[in-house]
Structure formats: C-alpha cells, structure tokens
Amino acid sequence: MTTRAYRALVAAAVLVLGVGCGSSSDAEDLEASASGADLDCQEGAEPLTQEMSSGSVWSMCFSVDAKSGAVLSDIHFTPADREPILLIREMALAQMEVPYDDGERLTADITQAGFGGTRMHSLSEAECAGERFGIEVPNIGDGSTFGDTPEREVLCSEIIDSGLAYRSFSDGTLTADRGNTWTLSTISKVGWYEYIAEYNFGSDGSIRPALGATGDLSPVDYTDEEHGWPIGDEEADYAANHAHNVVWRIHWGIGGADQPQEVEQFDAEPTGEMGSEAPVLDGSLASVDEPSTHQTQERRWWRVVAPESLNANGHPMSYEINLGQTDSFTYVHDEENHGADSGYDIAFTNYDECQIFATENRGGCGSGVIDYVEDSAGEELEDPVSWVAVGYHHVPRDEDQSPMEVHWQTFDMMPRDLTSTRADVPDGREDIDGQPEDSEFVEEIEDMEEMEDGGHSH
Ligand SMILES: [Cu+2]
C-alpha cells in the first residue's frame, strides 16, 4: 500500500468517526488517537487501522501470499479507552479441497492454484462499496516461480452496520446502541468459481473469518441423479454435488508474543437430573495440553487462554472459538494417508514456521495437520496454532445459474474476559460488574416471591 493509500484509509476511519475534514495537524492527531497498536509490519505487509463505533480500535498488518492469498498478522484489539492487546500473530487460509460427489474431480485450491498471484483479482467499485487499497501482489499464476509484485487494488475495506449491539430498559431509562463490523475482503478466481476471502472484525472484539463462493458452477461436472441435481429443463443436466472444505490457520499470541498460551475445551453435559424447575447441566473446562485434533459437539467450544495476562477482574484473557454450521469432513489427502477416521473440526499444534498448509505441505515438517499432530504427540502445547475446519456441502439448485448467489461458510471467535466488563460501558452502567446487590430486577424477584408466598399463582 502506498502512503497515499494508507492516508486514504485513515481518512476513511475519520469519516466513520463522523469527524469533518480539518487541517493536516488535526488529521495527524486523529491518526494518532485512532492508531491503536504501533505496528511494525514485515516487508510487503501494510498496516491497517480502524476505529469502531464502540471506540475500540482494530489494527493489523495485511499482505498477500501467492498461495494463501490474504494474510493478516499482528492483529491487535484496543478496547475503548484501554491499551492495545495483541491477539493473533498470523491468520490465513490453510487449504480448501473441493471433492465432487461422483468421485470424478478433486481440487486443492490453495496449494494447487493459490488465492494470491494473478488469481487474486483487482477490485472495482462494483464489488466494493467501501475503500479499495493497493498492495503488492505476486505476479504469478501457478505459484511455481516468483516474478514481479506489482501493486494492485485487491483489498476491500468496508464498514457495515451490524444492527443492535445492546438494549436495556431499566429504571425508566433506555440504554441502547448499534454496533458495526469492519470487513476486509479479497476475491480470487479459481476456474469457474470465484472465492471471497473475508475477515470481519466487530466493534465488540469479535472476529469472523468467512469464505464466500460465487462465479459459476463447473461446466464439465454433470452427473446422474444420485450425485447431482437437475438444473436444466425437466430431468436434465444434473450438476454434480460437491463440497467446499476449508481450513483456516491461526497462530495465537493473546496478551503479547512473549506471553504463555494455553488451550481449553468447554463442554456442558446434561446430567439427567432435574432441578426444581429445569434439567441440570454440568459445565467443565478440559485442558488441551498437547497437539491434538477435536470434533465439534453441541454446546462445545474451545478457547485460547493467556494465563498470565489478567483483566481487571483477575480473570485470564482468552478468545473463544465457536464452530457454527459445518458439514464436517475428512480431507481426501488425509484419508489416503491416515485413514477414513482422520477428519477433525479443529486441531491444535505448536507453531512451526514450515507448517503452512493443512494438506500438501512441503518442507519436511509433515505434509499436513494430521502429520503435525502425530509428529508432536506428547509435546506440551505452549505456542498454539488452531486449524479450524468448516465444510459446506453444495447441492446445486436452479438459482445457481447464473451467476451463482454467494454461499458462505464461516466460524466465530470472540473475546472471553479480555476486559472485566463490556469494553464500551454506557453511562450509568459503570459500577455493574458481578452479581448486583440492589437493582430493580432483584426487587422485582423479591416482590414476586412474596406474592407467591401469599398464595398467588403466576
Ligand atoms: Cu459449490
């Protein structure tokens, strides 16, 4: 990104703040106040900063890798009126396999095609309603050789209203505000499909990576009734069902690159017992203390914790990883090398700079996640990388022609105890942190209990 482009981004942040144009010194002051963390981005990476509606600030480095596509690094969140906190050291796509259900096609689009290079398209205002930014993009198509890295406008930065952030009506006072989302996206065309690699940063500190797919269905993958869906006239032209199986790689650094990191899995299991009014569930945290793979389950989530980085309540800062909708999968590559039961929804390994891709990795450090886990079994998990797998099984429909409406696959990460209360506490709520001793809610409950004791029913 040029200095001009960076100034444009700062100007965009100023616009979002609703602050009018001032003198150049005013602009510099705003840049300083909205700058969040001091970033020292690696060569080829550019700093991005965005102040959110909550007053919190996101800041990170952005670069393009020929294979991984967009790479976000040194991701910091500065909760409103607080110091910047490092969260993630690097985040990028680690693989996408597309197996067709008739068994006649399989692609591994990150390692075989690459989302960076010439497949990453320059954007126009038609695709990007926000700001477009130039970045050096490797001028190669197949990832085999490195040529020039011309600067092209491939990054779209948009601020989107995310609706109601909170509402609370109490003591006759309405407290409510909206939130917003900062969306960074790039578009890569691989064959007939076009993929949107999107990273959404919320005003509440949440992070939602997403992959959208649009473009057109493969013109050559038509099959029979058992493996496709008729999208032509009458019972004709069965477009083959297929999956988009994605893994994202996230290297954590909550609280600072030198801070120890641990991983835990939360489960809440029904006990089969009834309480006085509702079934009893037992919640528990289990330590994930060595490199390992895990499966999703209802009410289950994982968190990366910095045990020595405490918030003002004395709780360790952490980020929760929540898998939403996923068609769980086993990579064909893993099934061939490690068996049919080698699928995972999330895996954790210790950071190794050679371990970049979820499959088809090169460099003698294992060919994929299952190798990384097996080769380091028994090691203490202390520098965690999470490999998050989200699958989408796509059954074509008439509406996919043409072009295809974007379909998405995504998961969520959100702060858990990063701050001792919500980061942007509105007026009148400053003292609420823990069980309230006196509030109108408590009084209401006491009144109700008195009424019940007096023989009244609900
Ligand atoms: Cu598809």
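The values are calculated or read from the model by the stated rules, or taken from the named source; none is laboratory data. Given the structure is predicted, the values throughout are model-derived calculations rather than measurements. Glycine gets a Cβ as well: all are built from the backbone with ideal geometry, and neighbour counts include every protein chain shown. For the accessible areas, the whole protein counts, side chains as well, though only heavy atoms, and no ligand, DNA or RNA atoms are used. Shrake-Rupley method; radii C 1.70, N 1.55, O 1.52, S 1.80 Å.
For region 214-270, take the alpha-carbon Rg, divide it by the Kirkwood Rh, and send me Rg/Rh.
My calculation puts Rg/Rh at 1.37.
Two decimals is fine: what's Rg over Rh for region 300-392, C-alpha atoms, Kirkwood radius as Rh?
1.03
Say each of Asp427 and Ala377 gets a label point 7 Å from the Cα, pointing the same way as Cα to Cβ; how far apart are those two points in nm?
6.2
Give me the net charge for the shell around Pro279: Cβ to Cβ below 12 angstrom, other residues only, Lys and Arg +1, Asp and Glu -1.
Once positives and negatives cancel, what remains is -4.
If Phe169, Phe266 are ordered by their accessible area, calculated over protein heavy atoms with a 1.4 Å probe, which sequence runs from highest to lowest? Don't skip to the end; give the middle numbers.
Working: Phe169 120, Phe266 50 Å².
Reading off the accessible areas and sorting them downward yields Phe169, Phe266.
Can you give me the three principal axis dimensions of region 355-446 from its C-alpha atoms, in Å, biggest first?
On the principal axes, region 355-446 reaches 62, 50, 25 Å in Cα extent.
Mind checking the full-extension length gain between Tyr166 and Val332? Use 0.36 nm per residue of separation minus the Cα-Cα distance, one decimal, nm. Each step should come with its number before you reach the end.
On the way: separation 166, 0.36 × 166 = 59.76 nm, distance 4.37 nm.
That works out to 55.4 nm of additional length.
To the nearest 500 deg cm²/dmol, what mean residue ellipticity at 222 nm is calculated for the chain from DSSP H runs of n ≥ 4 alone, each contributing -39,500 (n - 2.57), summed and divided by the residues?
The helix-only estimate for the chain comes to -3500 deg cm²/dmol at 222 nm.
Alpha carbon centre of region 182-219 versus region 252-285: separation in Å?
Between the Cα centre of region 182-219 and that of region 252-285, the gap is 31 Å.
Counting only the backbone N, which residues of region 287-314 are under 19 Å from the spot 7 Å out from the Cα of His393 toward its beta-carbon?
295-298
Semi-axes, largest first, in whole Å: what does sqrt of 5 times each Cα gyration tensor eigenvalue give for the chain?
For the chain, the ellipsoid semi-axes come out as 38, 30, 24 Å.
Using 0.36 nm per residue of separation minus the Cα-Cα distance, give me the extension gain between Glu125 and Gln401 in nm, one decimal.
Extra length from Glu125 to Gln401 when fully extended: 97.0 nm.
Over the Cα atoms of region 300-458, how large are the radius of gyration and the largest Cα-Cα distance (Dmax), in Å?
24.2, 76
Across region 99-168, how large is the tail of the calculated P(r) beyond 17 Å, expressed as a percent of all Cα pairs?
That fraction is 62 percent.
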